[in-house]
Ligand SMILES: *Cc1c(COP(=O)(O)O)cnc(C)c1O
């Protein structure tokens, strides 16, 4: 198997290693593996790698730039993949994303909700939406000189969620967050616990919005412990990306 394609063998090996990590995290947290969806974040890697992942059984893939994601989704349209958009999204890209995405994890402001709703209606599709929340204790936008990781203020979550739920074409799925930079193990655990509390509050009003998208290559164990339902894992599967991606 894979003998003529070392990259396929490499990806299959790292997927197996990741699966062992996720399984151990589930056991440690007393959770079932089936509670968790693994989204493999393929940004910056070629469509051929995504096809190799699909051949290895991956169904859910993540991207963070519309131009790259749209091209890959078109090229690999026959593979039955579900495309998750996880990056900061400009309103003028919403129409394009609504054509191929299964879910957008990174919705953090009202005009974007409106634009995605229009795009989904025009494409006659139902688009899953997660509200991304900012879990940092820093002022909005983060410290000067470092790009913000995105996300709505926690106080704005209920209104954004209500807007998504009442927009036709959109289906409110839940919440997403990225752990604050350099938070350390305790800070990361605290941030994911805050996200879990926000999710519980959201589900009181929107019982179906039960996705919690949290956890990346470096912190997936903490995310599983805190109740994440969707892990977004890139480099642990595909290897290092070029810097500044
Ligand atoms: C790139 C990215 C990931 C994956 O990060 P890794 O550290 O490579 O696992 C997850 N979530 C978002 C929003 C990303 O942009």
For the chain, modelled as a GNM with alpha-carbon contacts under 10 angstrom, which of 228, 200, 55 fluctuates the most? 55
Please compute the Cα-Cα pair-distance distribution of segment 3-43 with 10 Å bins starting at 0, giving whole percents from short to long. 26, 43, 24, 7
Kirkwood Rh over alpha-carbon pairs of segment 39-121 plugged into Stokes-Einstein at 4 °C, 1.567 mPa s gives a D in µm²/s of 102
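Can you put 126, 63 in order of Cβ neighbours within 10 angstrom, beginning with the fewest? If you can, show how the numbers build up before the last one.
Working: 126 13, 63 27.
Neighbour counts put them in this order, fewest first: 126, 63.
Could you state the per residue volume, in Å³, of the convex hull enclosing the Cα atoms of the chain? Could the numbers behind the result be given before it?
Details: hull volume 30.8 nm³, N = 245.
Normalising the Cα hull of the chain by residue number yields 126 Å³.
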Please provide three numbers in whole Å: the alpha-carbon extents of segment 100-221 along the principal axes, with the largest listed first. 43, 32, 27
Treating each Cα of segment 175-245 as an identical point scatterer and ignoring solvent, apply the Debye formula and state log10 I(q)/I(0) at q = 0.15, 0.16, 0.17, 0.29 Å⁻¹. -0.51, -0.57, -0.63, -1.28
Taking only Cα atoms of segment 1-91, radius of gyration then Dmax in Å: 14.5, 44
Of 81-88, 159-166, ordering from highest average Cβ density within 10 Å down gives 81-88, 159-166
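Segment 18-158: D in µm²/s via Stokes-Einstein (Kirkwood Rh, Cα pairs, 37 °C, 0.692 mPa s)? Please list the in-between numbers first.
Values: Rh = 16.5 Å.
The Stokes-Einstein estimate is 198 µm²/s.
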In whole Å, what is the distance between the alpha-carbon centres of segment 106-122 and segment 162-215? 18
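All of the numbers you see were taken from the coordinates with simple rules; none came from a lab. Please read these numbers as outputs of a predicted model, since none were measured by experiment. Backbone-built Cβ (ideal geometry, glycine too); neighbour counts: all protein chains shown.
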